[in-house]
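Shown next, in structure tokens, is the structure this report addresses.
We did not get these values from a lab; they are worked out from the coordinates using the rules stated. Here the structure is a predicted model, which means the values were calculated and not measured. Here Cβ is always computed from backbone atoms with ideal geometry, including for glycine, and neighbour counts include all displayed protein chains.
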Amino acid sequence: MAEDVTVSEETLTSSLSLLVNLGKVLLEKAKQEAAESLERFVPYKITTLYGLMTAGAQLFKSLGVKKKSEAEAVWQKFYHRAAVREQVDELLQLESDWDSFLVSVDEGLQTELSGGTIAESLSPETPFTDGRSGKSVTLGQYLDQGQKLLLVLIRHFG
């Protein structure tokens with residue numbers, strides 16, 4: 001539990017700084033890769049996020065916590081210190097920057113795949129590939145079977 005965690009201000013600030021700096025580098029790399037090709041970014045380059053997850057796990061380990069809420073409880077104890085406050089604010093900004101980037105990737109993919117518009121509904125004539133048989137089918141072929149149906153729709157890039 002975070003209440004039981006004893007960590008120094010120096011450990012906290014250096015751990016946060018490491019995560020923020022690595023997160024910024026990874027974000028810039030991801031932005032460059034996405035700018036080259038969104039269609040290639042998702043299946044081949046999104047592994048950049050693994051580095052961010054590893055860095056986050058390292059932060060948790062250095063603080064002796066297992067959950068984000070526990071890490072937040074640790075830095076709340078030191079938030080009155082300017083160095084900690086600065087690093088926490090940078091981390092929150094980094095989270096926002098990553099969120100914005102991922103939203104822009106998703107919107108860019110939606111635009112590329114749908115020809116500029118995001119569909120509100122699908123026509124029964126919408127073509128699909130049946131995952132079991134590999135045959136081309138339409139949505140209407142599944143809807144006209146008179147039974148309850150669960151469709152799993154997977155976007156395929158590339």
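Fewest first, what order do Phe128, Phe41 take by the number of other Cβ atoms within 10 Å? Before the final figure, lay out each step's value.
Numbers: Phe128 15, Phe41 21.
Going from sparsest to densest Cβ surroundings: Phe128, Phe41.
Which of the pairs Lys24/Lys45; Lys29/Lys135; Lys24/Lys61; Lys31/Lys135 have their Cα atoms more than 28 Å apart in this structure?
From the list (Lys24/Lys45; Lys29/Lys135; Lys24/Lys61; Lys31/Lys135), the Cα-Cα distance tops 28 Å for Lys29/Lys135; Lys31/Lys135.
Once you treat every alpha carbon in region 2-114 as an equal point and sum by Debye, what is log10 I(q)/I(0) at q = 0.11, 0.20, 0.22 Å⁻¹?
-0.42, -0.99, -1.13
Using the beta-carbon distance between Ser14 and Val137 and R0 = 41 Å, what value does 1/(1 + (r/R0)^6) give for FRET efficiency, to the nearest 0.05?
For Ser14 and Val137, the calculated efficiency is 0.15.
Taking neighbour counts of Cβ atoms within 10 Å as a proxy for exposure, in what order, fewest first, do Arg132, Arg40 appear? If you can, show how the numbers build up before the last one.
On the way: Arg132 6, Arg40 14.
Final ranking by Cβ density, sparse to dense: Arg132, Arg40.
Just want the ordering: Thr48, Thr138, from fewest to most Cβ atoms lying within 10 Å of their own Cβ.
On the way: Thr48 18, Thr138 15.
Fewest-to-most Cβ neighbours within 10 Å comes out as Thr138, Thr48.
Using 0.36 nm per residue, how much length does the chain from Ser69 to Glu86 gain when fully extended, once their Cα-Cα distance is taken away?
Working: separation 17, 0.36 × 17 = 6.12 nm, distance 1.87 nm.
Extra length available between Ser69 and Glu86 comes to 4.3 nm.
DSSP loop (so not H, G, I, E, B), at most 12 other Cβ within 10 Å: list which GluC sites (Glu not before Pro) in region 27-72 pass both filters. Can you show the working numbers first?
Values: sites: Glu28, Glu33, Glu36, Glu39, Glu70, Glu72; in loops: none.
Hits after loop and neighbour filter: nothing returned.
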